[in-house]
Every structure is written in C-alpha cells, then in structure tokens.
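The values are calculated or read from the model by the stated rules, or taken from the named source; none is laboratory data. Computed from a predicted structure; not experimentally measured. Virtual Cβ from ideal backbone geometry, glycine too; neighbours counted across all protein chains shown. To get the accessible areas, we keep the full protein, side chains included, count just its heavy atoms, and leave off ligands, DNA and RNA. Shrake-Rupley method; radii C 1.70, N 1.55, O 1.52, S 1.80 Å.
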Amino acid sequence: MFIRLSQLGLVVAFVIAPTASGQATDTVRLSIADAVARGIRESDEVRLAAAQVDVTEAQVTTARAAGLPSLQLTGNYTQVERNARATIVGQIFGQNYNYTTSLNLTQPLFQGGRIFAGARAAADVRRAARYDLAETRALLSVAIQRAYLQVLLNQQLADIQARNIQLAEERLALVQRLEGAGRAARYEVLRARVERTNLQPGLIQARNNVELALIELRRLLNIPATRSVVLTSELDTAGVRTVARSIAADSSRPPVRAALRAAQHMLDARHEGVRVARAEFLPTINAFFRTGYTALPASSGFPTRWGNTSSTNCPPNSPAERVCQNNGWYPDRSLGIQVNWFLFDGLRAKGSMNLAQAQERLARTQLEQERETVAAEQARAAAEFARAEATYEAQSQNAEEAEEAFRIASLRFERGLGTQLEVTDAQLALLTARSNAARGSVDYYLAAAELARARGADVPLPPTRPISR
C-alpha cells in the first residue's frame with residue numbers, strides 16, 4: 001500500500017508540475033521601469049522605426065557601391081547546329097562548340113556628381129531615420145508610463161469607490177440600529193439604502209476602467225491577452241514634486257528635438273536629390289578592362305589545355321602551309337574608356353529635375369510645419385504643466401481635510417447632532433477629494449514627462465515604490 005501511494009504521488013507530481021509551471025509563466029510581473037524597457041525593446045512602433053533604419057543602411061551601401069569598381073566573371077557555352085556564315089563563306093566559321101569566359105573590370109570616372117550626391121543623400125536619409133527612431137522611443141516611453149500609471153490610477157479609484165460603498169454600508173447599518181432604538185425614521189433607512197445602491201455603478205465602472213487600461217498597456221507592450229499582468233510598483237506621491245520641479249527648473253539649453261533633426265536631414269537629402277537629377281544632363285565616363293579566354297573545339301568535350309596554333313595540329317596529309325588550332329583556350333583582352341551622353345532623352349532628365357526640385361520644396365515646407373508643431377507642443381506642454389502643478393498644490397491637503405470633515409459629520413449624525421444629508425454631502429466631498437488627489441499626482445508627473453519630451457530632453461522615470469498590497 002505504501003509503494004502504491006508513493007507511485008500515485010509521483011504521478012500526481014508529474015501532472016501538476018507542468019501546470020503550475022505554465023501558470024507561473026503566464027503571469028507577467030512588471031515594474032514601470034521594466035514596462036518601459038520592454039516596450040522600447042518589443043513594441044511594434046519601435047520595431048517599425050528600427051526596420052526603417054535598416055532600410056536606410058542598405059540604401060547607403062547601395063549608393064556608395066555606385067562609385068566603386070565592379071568585377072564580373074561571365075562564362076558561356078554555345079552549340080551551333082547550323083551556321084549560315086560557315087555555309088556561305090567557309091568552314092572556318094563553322095565551329096559547332098564555342099566556350100568563352102571573361103573577367104570584366106569597370107570603374108566609373110565621371111558621373112556628373114551623381115555618385116557623391118547620391119551617397120550624401122542616402123546618409124542624410126539614414127540620419128533622419130535614426131532621429132525618427134529616437135523620437136518614437138521618446139513618444140513610446142511617455143505613452144507606456146501614461147498607460148501604466150492609468151492602470152494604477154484606475155485601481156486606486158476603484159479602491160476609493162469600494163471604500164465609499166463600505167462607508168455607505170456602515171452608515172446603513174448605523175441607521176438601522178438607530179431605527180431599532182426609535183431614533184431614526186423608516187425614511188432615513190430607505191435613503192441610506194438607496195444611497196448605498198447608487199454607488200455600485202460607480203464601482204463597476206471603475207473596475208471596468210482598470211481592465212480597459214490593462215488592455216492598452218498590453219497593446220503597447222505586445223503582451224497577449226491570455227497572459228495576466230501584475231504591476232509591482234506604484235507612484236511615490238512624496239517624490240513627484242521633486243522630480244517635476246527639477247524638470248521644469250532645468251535651465252540648460254535643451255537639445256534640438258529629434259523630429260526637427262529628422263526633418264532637416266530629409267531636406268538635405270532632397271537637396272542632394274536635385275544634384276543627382278542635374279547629373280543626368282551631363283555625360284558619364286567609365287573605364288573598363290576585359291580579359292578572357294575563348295575555345296572553339298572541333299568536337300564535343302570541355303577544353304583542358306591552352307590554345308596553340310601551328311601546322312602540327314593539322315590532320316595527316318594536310319598541306320604544309322596549313323595552320324590549325326589545338327582546340328584549347330585562347331586569350332582575349334581589351335581595355336578602353338566609354339563615354340555616354342544623352343543629347344535628347346525625350347525630356348526624361350527635365351522631368352527628373354522638376355520632380356527633385358518639387359520634392360525639395362515639399363521637404364522645406366514639411367520642415368517649417370515641424371518647427372511650428374514642435375513650438376506648439378512645447379507651449380502646450382508648459383501650459384499643461386502649470387495647470388497640473390496648480391491642481392496638485394491645491395489638492396495636496398484637500399483630501400485630509402475632507403476626511404476630517406467626514407469623520408466629524410459621521411460623529412454628529414451618530415450622536416444626533418447632525419442629519420444624514422450632512423453625512424452624505426461629506427462623503428461625496430471625500431470621494432471627490434480622494435479622486436482628485438489621485439489624479440492630481442499622476443497628472444502632475446505626466447505633465448512633467450511630456451514637458452521633457454516636448455523640449456527634446458530625456459524622459460525620466462517617475463519616482464516609484466513597491467506596491468504594498
């Protein structure tokens with residue numbers, strides 16, 4: 001019996017262990033620093049921007065390759081079934097089996113400035129893509145922090161709603177006891193019960209807001225819906241003021257926004273594109289060197305020796321003056337300079353020039369728009385920070401005072417010195433004050449983070465502490 005129980009225990013352990021391991025791996029525990037790092041590493045937005053950088057890296061390589069020499073090895077085998085020239089002129093042209101191999105070296109000498117301008121344009125596009133990646137990371141950092149803090153805020157608001165319902169239930173129980181003692185009327189019991197029930201939709205909505213915020217956080221972090229997310233850090237409200245004021249008081253000259261740098265480099269690339277288009281009006285000069293070998297065997301079979309031409313290669317009884325080849329490989333070399341110049345190309349070069357100039361004007365306009373957008377974002381961020389700071393300062397002591405007022409109103413009602421309406425008003429004020437205080441801290445930090453991003457500075461992480469619950 002003991003052996004059977006041991007075997008059964010082993011079987012159960014093997015069955016339960018994978019399940020427990022799977023449950024452990026299905027839970028993602030995230031601090032706010034982990035969330036930002038994961039989002040920058042795995043989000044689709046950053047991957048797309050990074051892929052665009054890889055594309056521009058390849059474009060730079062392609063543009064530079066146009067100015068480097070090219071070396072090409074080619075080979076050819078031709079079997080001629082019938083040769084008209086050999087039939088008309090002579091059998092000397094009637095070689096049925098032709099083998100050729102060649103090595104071609106080409107070096108551009110002059111392309112009208114196309115090569116250097118194209119390489120500079122590709123480098124400008126690459127720099128623009130890198131700045132776009134930096135801008136995307138900054139935007140994503142703020143978005144992830146906003147989503148993370150929104151989950152915490154909604155959880156805190158749900159807790160406030162739950163605590164509010166608990167206070168209403170305690171007041172209902174108190175009113176029922178007072179009714180039993182003859183100190184309260186039936187109307188007051190009904191009023192307390194209705195007030196308690198009217199608070200439940202707010203709690204349901206608050207809990208639903210938590211789920212919606214988690215969905216947005218999962219989307220930003222590419223976390224499947226089948227995996228649960230546990231947040232391990234919360235906002236340290238005591239340190240928010242220090243971080244926010246340090247950001248606002250930073251008097252150092254802020255760097256130029258990555259978005260502006262990207263737009264400027266795109267304009268530079270379009271300017272180089274005009275030079276590339278202008279080069280189509282100029283000639284191109286290339287130097288080439290070609291070396292190879294040709295074999296014309298009389299019968300099938302791959303040639304295996306170097307070519308030689310003499311009378312000893314001729315068949316017996318041939319005239320003494322006849323010269324024959326030994327079916328081997330004969331060298332073939334040439335070099336030269338090639339000049340190409342389109343005197344008329346159907347206005348293709350003119351069309352390319354007009355297109356490049358239009359794209360340059362478009363890029364210049366986009367740069368001006370980006371400057372206006374950045375200036376507006378900075379002004380908007382500064383105004384929002386001022387509003388959030390004023391709200392935070394106004395709400396710093398309000399929650400404590402509202403809680404004290406609620407305790408006094410509850411005590412007055414319990415002793416018969418106040419009315420239930422006073423308690424209800426005090427409880428509503430307490431709910432509003434706690435909610436405003438929670439929102440004020442989150443909004444204050446997010447306004448500071450957005451101000452740093454709008455200025456082009458590094459986006460800081462918020463002051464946090466481990467979640468106590």
To the nearest 10 square angstrom, how much accessible area does HIS271 have with a 1.4 angstrom probe? 80
At a probe size of 1.4 Å, how large is the accessible area of ASP26, to the nearest 10 Å²? 70
Nearest 10 degrees is fine. How inclined is helix 44-65 to the longest principal axis of the chain, computing both from alpha carbons? 20
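For every helix of n ≥ 4 consecutive DSSP H residues, a contribution of -39,500 (n - 2.57) applies; sum these over the chain, divide by its total residues, and give [θ] at 222 nm rounded to the nearest 500 deg cm²/dmol.
Value at 222 nm, helices only: -22500 deg cm²/dmol.
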Among DSSP beta bridges lying fully in the chain, give the percent that are antiparallel, nearest 5. 90
Give, rounded to the nearest 20 debye, the magnitude of the charge dipole that the chain has about its Cα centre when Lys and Arg contribute +1 at Cβ and Asp and Glu contribute -1 at Cβ. 1020
Which Cα, out of ASN76, ALA63, GLN52, lies furthest along the positive dipole direction of the range 41-88 (beta carbon charges, K/R +1, D/E -1)? ASN76
Rounded to 10°, Cα long-axis angle of helix 258-278 versus longest principal axis of the chain: 20
Top positive-direction residue, dipole computed over the range 258-362 with Cβ charges, set PRO316, ALA262, ALA349: ALA262
What value in Å³ per residue do you get for the convex hull of the alpha-carbon atoms in the range 112-261? 200
Between the range 449-469 and the range 51-79, how far is it from one alpha carbon centroid to the other, in angstrom? 46
Might you work out the accessible area of ILE165 for me, using a 1.4 Å probe with all protein chains in place, and round it to the nearest 10 Å²? 10
Long-range amide H partners of ASN326, meaning residues 5 or more apart or on another chain whose placed amide H is closer than 5 Å, are ASN308
Once ALA238 and LEU109 are pulled to full extension, the length gained, defined as 0.36 nm per residue separation minus their Cα-Cα distance, is 39.6 nm
The chain: angle of helix 398-414 to the longest principal axis, Cα-based, in degrees nearest 10: 30
Considering the zone a paramagnetic label at THR291 would reach in this model (a point 7 Å from Cα along the Cα-to-Cβ line), which residues of the range 52-87 have amide N under 18 Å from it? 69-75
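Calculated FRET efficiency, ASN198 and ARG348, Cβ-Cβ r, R0 60 Å, to nearest 0.05?
0.20
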Theoretical FRET efficiency, 1/(1+(r/R0)^6), r = Cβ-Cβ of ASN98 and CYS314, R0 25 Å, to 0.05: 0.75
Would you tally the net charge around LEU282, using a Cβ to Cβ cut-off of less than 13 Å, leaving LEU282 out, and scoring K and R as +1, D and E as -1? +1
Round to a whole number: what % of the accessible area of the chain belongs to carbon and sulfur, probe 1.4 Å? 57
When you have a sec, figure out the Kirkwood radius of the chain from all distinct Cα pair distances and drop it here in Å to one decimal? 31.3
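Report the relative contact order of the chain, percent, no decimals, based on alpha-carbon pairs under 8 angstrom and at least 6 residues apart.
22
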Could the peptides 372-379, 218-225, 296-303, 455-462 be put in order, highest first, of the mean number of other beta-carbon atoms found within 10 Å of their residues? 455-462, 218-225, 372-379, 296-303
Most to least packed among 75-81, 95-101 [average Cβ atoms within 10 Å]: 95-101, 75-81
Starting from the amide H of GLY418, placed 1.01 Å from N in the peptide plane, find each other amide H under 5 Å away whose residue is 5 or more places distant or on another chain. PHE413
May I ask which residue of ASN286, VAL229, PRO303 lies farthest towards the positive end of the charge dipole of the range 200-307, with charges of +1 (Lys, Arg) and -1 (Asp, Glu) on Cβ and the Cα centre as origin? PRO303
Given points 7 Å out from each Cα along the Cα-Cβ axis, report the LEU68 to VAL55 separation in nanometres with one decimal. 2.3
How charged is the neighbourhood of SER102? Take every other residue with its Cβ under 13 Å from the Cβ of SER102, and add Lys/Arg as +1 and Asp/Glu as -1. +1
Using 7 Å Cα-to-Cβ label points, what is the ARG412/GLN166 separation (nm, one decimal)? 2.5
Amide H of ASP236 versus every other amide H placed in the peptide plane: which residues, excluding those fewer than 5 positions away on the same chain, fall under 5 Å? THR464, ARG465
Order the peptides 202-214, 317-329 from the highest to the lowest mean number of other Cβ atoms within 10 Å of their residues. 202-214, 317-329
